[in-house]
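The values are calculated or read from the model by the stated rules, or taken from the named source; none is laboratory data. Remember, it's a predicted structure, so these values are computed and weren't measured experimentally. Every residue, glycine among them, receives a Cβ derived from its backbone with ideal geometry; neighbour counts consider all protein chains shown.
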């Protein structure tokens with residue numbers, strides 16, 4: 001027997017305002033979903049095969065392959081099969097929207113951020129003593145000692161633990177002056193000691209792998225630009241909500 005709750009009236013269809021969603025910590029997620037749905041509203045429908053694959057993937061993720069379990073899950077959340085299908089398709093429709101909207105900008109974005117994607121491996125030895133740096137460089141140039149040996153013994157940075165070897169890391173990771181030096185280096189090129197802030201550094205390029213604007217990279221960039229756009233739109237809506245709340249409080 002179901003227990004009756006006196007004094008509690010539950011309408012057939014619940015609706016929630018921004019304030020309630022915000023208190024529940026759900027307002028941002030709700031705006032993300034709404035904006036994604038609105039942006040993709042005019043997008044062409046998925047092919048039947050794509051739609052079926054999207055639904056199958058969501059059912060597997062939610063462990064709802066069993067029809068009875070799925071029906072119960074939908075009832076508990078006041079959702080229909082059409083709602084479930086829309087949930088399944090939205091991520092793929094959103095990706096398609098991002099690709100269409102940002103495809104013309106992808107090359108510019110790639111060039112702007114190329115330093116994040118180029119991978120560099122180099123040997124580094126850093127010291128406070130410039131005279132010692134010059135002496136160690138001479139030993140390296142003459143082949144009297146290996147980089148790993150000298151770095152392990154003399155280097156004063158964390159690269160000491162790896163025998164001076166750093167990477168592969170994004171080219172944007174090293175100090176900008178060091179990154180520029182590595183960009184103009186040839187593999188195996190050993191540079192004489194150079195002063196970098198309070199350090200004397202000896203560096204040798206081991207490998208520089210330049211990123212290519214291939215299909216996976218282009219797709220990644222377009223989706224990231226879509227995410228940036230979405231975050232900005234959500235931020236605007238949250239600002240409007242907070243301003244309205246402040247006015248009511250005032």
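Values as computed for the structure displayed
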| quantity | calculated |
| --- | --- |
| Where residue 151 falls short, out of the listed (1) touching a strand residue (DSSP E or B) at 6+ places or on another chain (Cβ under 6 Å); (2) closer than 19 Å to residue 176 by Cβ | (2) |
| Residue that is at pLDDT 95 or above, farther than 30 Å from residue 224 by Cβ and under 34 Å from the mean Cα position of the chain (by Cα), where the choices are 136, 165, 150 | 165 |
| Hits in the stretch 106-131 (condition: farther than 27 Å from residue 210 by Cα and touching a strand residue (DSSP E or B) at 6+ places or on another chain (Cβ under 8 Å)) | 127, 128, 129, 130 |
| Search result, residues across the stretch 35-82 that are under 25 Å from residue 15 (Cβ atoms) and part of a loop (DSSP other than H, G, I, E, B) | 40, 41, 77, 78, 79, 80 |
| Condition broken by residue 12, with the remaining ones in (1) at pLDDT 95 or above; (2) part of a loop (DSSP other than H, G, I, E, B) satisfied | (1) |
| Test: residue 29 is under 23 Å from the mean Cα position of the chain (by Cα), closer than 16 Å to residue 93 by Cα and outside the structural domain of residue 97 (by TED's automatic domain parsing) | no |
| Test result for residue 234, over 25 Å from the mean Cα position of the chain (by Cα), assigned to a helix (DSSP H, G or I) and closer than 25 Å to residue 98 by Cβ | no |
| Some residue of the stretch 190-210 being within 22 Å of the chain's Cα centre (by Cα), in contact (Cβ under 8 Å) with a residue 12 or more places away in the chain, at negative phi and surrounded by fewer than 15 Cβ atoms within 10 Å (Cβ to Cβ) | yes |
